[in-house]
1. What are the ³J(HN,Hα) couplings of the range 35-40, residue after residue, when phi is run through the Karplus curve with 6.51, -1.76, 1.60 and θ = phi - 60°? Round to Hz, x for glycine and proline.
2. Report Rg(Cα)/(2.2 N^0.38 Å) for the chain, keeping two decimals.
3. For the range 3-216, what is the percent of antiparallel DSSP beta bridges, rounded to the nearest 5?
4. Take every Cα pair under 8 Å in the chain that's 6+ residues apart, average their separations, divide by the length, and report that relative contact order as a whole percent.
5. Just how large is the dipole of the chain about the Cα centre, in debye to the nearest 20, putting +1 at every Lys and Arg Cβ and -1 at every Asp and Glu Cβ?
6. Work out from phi, with θ = phi - 60° and the Karplus expression 6.51 cos²θ - 1.76 cosθ + 1.60, the ³J(HN,Hα) of each residue of the range 62-73, listed in order in whole Hz, and give x for Gly and Pro.
7. When only Cα pairs under 8 Å and 6 or more residues apart are kept, what is the percent relative contact order across the range 100-223?
8. Using alpha-carbon pairs under 8 Å, 6+ residues apart, how would you state the relative contact order of the range 96-154 in percent?
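Laboratory data are not the source of any read-out in this text; all were calculated from the coordinates shown. These figures come from a predicted structure and were not determined experimentally. When we count neighbours, we look across all protein chains shown, and the Cβ atoms used for this are built from the backbone with ideal geometry, even at glycine.
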Amino acid sequence: MNETKKIPVLERVMKKNEQIAAEVREQLHEKGIVTFNFMGSPGGGKTTLIEETIKRLQGKKRVAVIEGDLATTIDAERIRHYGVKVLQINTGSMCHLDIRLITQALEKIDLSDIDFLFIENVGNLVCPSSHDLGEDYRIILASVPEGPFKPKKYPVIYKEADAVIITKTDLLEYFPDFKVEILFQHAKEIQPEIKTFVVALKGEKIIIDDWITWIEQAKPKKR
Ligand SMILES: Nc1nc2c(ncn2[C@@H]2O[C@H](COP(=O)(O)OP(=O)(O)O)[C@@H](O)[C@H]2O)c(=O)[nH]1
Ligand SMILES: [Mg+2]
């Protein structure tokens with residue numbers, strides 16, 4: 001196939017995927033489910049945040065989780081420990097989840113008694129940004145050791161984000177060049193409506209309350 005033919009084919013596939021994602025979102029809304037797509041670098045703290053959030057939502061929201069990784073069920077096992085429904089997707093060599101993988105996962109997981117669906121995307125700041133997974137909210141994690149310039153360097157993923165969470169703020173004392181307000185300012189320059197949170201999930205002082213207060217009241221939303 002030559003280049004001029006390839007581009008329309010790719011555009012058609014992307015458009016079809018967006019349609020499927022919109023249908024999935026509608027089906028989830030019909031069940032009263034709010035869906036969150038957690039994105040960020042590998043090791044940024046996505047699974048830890050999901051674990052700590054599940055703990056604090058116990059008795060308030062019934063949660064199910066879809067875990068995305070190239071390989072292993074390590075993260076799914078971590079989540080299973082909390083007694084919630086969890087399904088691991090292994091993408092092999094693919095750097096993101098897509099709506100076809102999500103559709104297949106949704107066939108295998110019973111969501112009849114679920115309020116919140118958490119999707120942990122493959123750790124990556126590029127590929128996941130162009131894939132609607134039928135989520136209501138896109139949550140980007142930026143961890144302190146990654147440095148303060150992630151929104152500047154990866155603006156595309158921030159453009160469509162609903163919230164940015166700075167993780168590992170217990171490590172701020174070791175990263176004096178990291179300024180929380182600077183990262184938030186850069187993120188808001190890209191997406192003025194973005195909500196901002198800080199968390200520290202290890203160390204002496206756990207910080208997570210503002211995030212929990214926000215997520216507890218999250219309602220279904222059209223993208
Ligand atoms: N110091 C510190 N370490 C954290 C925090 N959150 C996660 N980690 C650690 O960062 C590493 C990667 O976390 P994980 O949740 O697996 O990241 P993921 O790859 O984004 O899912 C693990 O060793 C966690 O214990 C935090 O708030 N502070
Ligand atoms: Mg993980």
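1. Values, residue by residue: 10, 10, 10, 8, 10, x Hz.
2. Details: Rg = 17.3 Å, N = 223, 2.2 N^0.38 = 17.2 Å.
Rounded to two decimals, the normalised Rg is 1.01.
3. Details: 1 of 31 bridges.
Around 5 percent antiparallel, to the nearest 5.
4. Details: 397 pairs, mean separation 51.9, N = 223.
In percent, rounded to a whole number, it is 23.
5. Details: 33 positive and 34 negative charges, 69 e Å.
Around 340 debye, computed over the chain.
6. Those phi angles translate into 8, 10, 10, 10, 10, 9, x, 8, 5, 8, 6, 10 Hz.
7. Working: 144 pairs, mean separation 27.8, N = 124.
That works out to 22 percent.
8. That works out to 47 percent.
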